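Structure, as structure tokens:
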Amino acid sequence: MTSRKSLISTFAVLLCLPFWASAADKKSKDAKADEASKPSYDLAQPATENLDLTMYQRIRDEGLSHSHVMDFASALMDGIGPRLTGSPNLKRANEWTRDQFAAMGCSNAHLEDWGEFGMGWRQLNTWVRMSAPDTAVFIAQALPWSASSHGPVNGRAVWVDAKDEKDLEKYKGKLAGKIVFFGEMREVKPVDKPLWERRDDANLKTTAEFPVHIAQQEDFFATFVKRLEFREKAGAFFAAEHAAGVVVPSRDGRNNGGSGGTIFDDSSGGMGWFIYQREHAQPLPIVVMAIESYGRVYRLLKASVPVSVEMDVETEFTGDHEHGFDTIAEIPGSDPRLKEEVVMVGGHLDSWASATGATDNGAGTVVAMEVMRILNALHVQPRRTIRVGLWTGEEQGEFGSYGYVKQHFGFVPLSTAPDQVKLPDFMRKPAGPLQLKPEQQKISGYFNLDNGTGKIRGVNLQENAAIGPIFQQWIAPLQDLGVSTLTMRNTGGTDHESFDAVGVPGFQFIQDALDYGSRTHHSNQDTYERLQPDDLAQAAVVEAIFVYNTAMRDQMLPRKPLPHPELEEQRKAALKNLMPGAEAAEEEAKKPGN
Ligand SMILES: [Zn+2]
């Protein structure tokens with residue numbers, strides 16, 4: 001019996017063997033075919049990065065000993081000036097950067113239209129003075145997209161104390177011909193901490209830690225938008241009451257930097273988020289004033305002293321339907337298998353209007369230009385194509401990078417809930433599902449610089465855990481330049497977000513803060529003088545090395561799992577039947593007798 005049984009089973013084994021062998025064979029062939037068809041970012045990454053340290057040194061030498069970053073900076077900041085989106089200056093900057101990329105040896109230097117923006121505008125001249133009870137020259141500039149005063153206007157100053165529409169009622173019939181001072185006087189604290197700071201070891205250690213907050217975050221944007229909605233209505237009210245002009249106080253900066261002649265001209269003092277669109281345009285001339293100038297008038301008015309103010313706001317509108325453009329240029333890839341793949345580098349080219357936007361984001365722009373110059377000067381033969389993108393419309397909602405990403409890589413449909421549609425796009429909740437284009441599989445990564453003029457101290461990994469071990473190896477030879485810190489932190493507020501949102505690895509570097517938050521970001525002091533040449537040269541070297549490594553490694557950079565915003569609500573929903581002993585509310589209610 002056993003022998004017979006065993007015979008049968010041996011036979012069965014023999015019969016099955018060829019089948020098993022062929023199944024195993026097929027499986028391994030399938031697996032291989034499967035692997036081969038996978039994009040390389042999806043394959044297992046090598047444990048050791050193949051670094052070309054000779055190229056590290058050549059890039060360092062070109063960038064640190066033969067830097068031209070400050071030449072680009074002076075040409076852009078001094079030669080072209082402020083670059084408000086929609087303005088004639090920004091168009092010049094787009095064309096100039098395109099021509100510079102072509103001149104340094106890039107291919108395919110061109111502009112890409114990301115769509116209609118709104119009004120073209122520039123400030124020609126602004127002055128504001130007190131003419132009674134004393135004379136005083138004030139520090140003030142037109143708010144971006146302010147109407148022109150069409151010559152000097154002179155009127156009694158009135159402080160309008162209003163936090164909502166109801167508060168405005170009491171000013172009905174009282175504002176004709178007046179100069180409205182709109183906004184509470186804030187406390188002006190002493191500058192007892194440095195306005196200019198490098199990150200020390202303690203700061204870098206904190207940055208490396210990942211902050212955990214599982215509680216619902218307060219909706220900062222909702223408050224911000226509500227405030228701007230009221231301000232837009234207030235502006236319309238002042239115009240309907242025939243006021244002559246509006247003065248708003250400048251906000252503060254980090255470490256009390258919003259004093260001593262510094263004014264900020266961004267939307268914090270603005271009269272509505274969409275002020276750049278004709279249908280939301282403010283009819284009156286509006287200036288933002290240094291806090292000390294504002295304070296004198298405010299205190300006199302509170303003490304019932306009549307104050308007269310004269311102002312001349314000369315502004316010019318250059319179109320109602322201006323389009324926005326990104327500057328794009330390339331160093332073509334040379335590997336027949338990889339040249340269709342790209343690595344991108346960039347930052348935003350647009351700025352606010354009261355200075356020349358040197359640190360925000362002239363710095364990121366000239367560093368990206370210097371990266372491309374260094375790589376061209378070294379005649380690198382990258383395996384993948386290296387592409388630079390200089391975005392515009394960033395300050396109003398990352399329009400340029402978002403538009404580029406939508407045209408090339410994909411987009412995330414946004415929430416159409418009633419409270420969401422009125423928000424600027426970048427504040428709206430993503431609704432998903434993602435809609436991707438084939439090019440999305442051909443971009444390895446995007447590197448962005450937009451935190452001022454400070455040197456690079458590390459990289460925000462944007463919660464991409466798989467990239468940590470790779471960048472750790474890349475920065476090891478850069479420790480002596482101060483690059484030491486990686487953090488899983490998910491930083492926001494600028495153009496790498498547009499890439500990250502569609503599953504493309506997008507990174508923003510960690511930089512020394514210097515005086516970015518205190519004095520230069522969006523201010524009238526954001527000029528060439530704020531730029532730190534050594535820091536910018538360092539940043540260009542580090543960024544060039546990151547771009548080069550990405551272009552040369554065998555595989556594309558690993559990605560995070562694709563975002564699925566359409567599943568968010570379901571994932572956040574309360575767990576059901578969780579509490580022991582709790583009555584199921586609906587079922588219980590249906591029971592007879594309840
Ligand atoms: Zn910026």
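The values are calculated or read from the model by the stated rules, or taken from the named source; none is laboratory data. Owing to the predicted nature of the structure, the values given are computational and were not obtained by experimental measurement. Backbone-built Cβ (ideal geometry, glycine too); neighbour counts: all protein chains shown. The accessibility values were calculated without ligands, DNA or RNA, using every heavy atom of the protein model including side chains. Shrake-Rupley method; radii C 1.70, N 1.55, O 1.52, S 1.80 Å.
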SASA check, Ser259, accessible area w/ 1.4 Å probe, all protein chains in place, rounded to nearest 10 Å², comes out at 20 Å²
The FRET efficiency for Lys172 and Ala132, from their Cβ-Cβ distance with R0 = 35 Å and rounded to 0.05, is 0.85
Interchain or sequence-distant (5+) residues whose placed amide H lies within less than 5 Å of the amide H of Arg457 are Ile510, Gln511, Asp512
Answer in debye to the nearest 20: the dipole magnitude of the chain about its Cα centre, from +1 Lys/Arg and -1 Asp/Glu charges placed on Cβ, is 1220 debye
Rounded to the nearest 10 Å², the accessible area of Phe274 using a 1.4 Å probe with every protein chain kept is 50 Å²
Simple SL model, points at 7 angstrom along Cα→Cβ for Gln420 and Asp99; separation in nm is 4.5 nm
In segment 333-449, taking the dipole from +1 charges on Lys and Arg beta carbons and -1 charges on Asp and Glu beta carbons about the Cα centre, the listed residue (Gln381, Ser354, Val405) farthest towards the positive end is Gln381
Share of accessible surface on carbon and sulfur in segment 174-328, whole %, 1.4 Å probe and ligands ignored, is 56 percent
The set of residues whose placed amide H lies less than 5 Å from the amide H of Leu143, leaving out same-chain residues fewer than 5 positions away, is Ile286, Val287, Val288
The chain: antiparallel bridges as % of DSSP beta bridges, rounded to 5, reads 60 percent
Computed over the chain, the relative contact order (Cα-Cα under 8 Å, seq sep at least six) in percent reads 21 percent
In deg cm²/dmol, rounded to the nearest 500, the helical mean residue ellipticity at 222 nm of the chain, built from -39500 (n - 2.57) for every DSSP H run of length 4 or more, is -9500 deg cm²/dmol
Gyration tensor on Cα atoms of segment 381-536, a ≥ b ≥ c root eigenvalues, a/c under 1.5 rounded, else prolate if a/b beats b/c, else oblate, says oblate
Answer in debye to the nearest 20: the dipole magnitude of segment 480-523 about its Cα centre, from +1 Lys/Arg and -1 Asp/Glu charges placed on Cβ, is 100 debye
The relative contact order of segment 239-348, taking Cα pairs under 8 Å that sit 6 or more residues apart, comes to a percentage of 24 percent
Hits for the chain under the membrane-span-like helix rule (DSSP H, Cα axial span at least 30 Å, Kyte-Doolittle mean at least -1.0) are 2-37, 220-240
For the chain, dividing by residue count, accessible area per residue (probe 1.4 Å) in Å² works out to 47 Å²
Interchain or sequence-distant (5+) residues whose placed amide H lies within less than 5 Å of the amide H of Lys437 are Gly410
Surrounding charge for Ser293, neighbours by C-beta under 12 angstrom, Lys/Arg +1, Asp/Glu -1, total +2
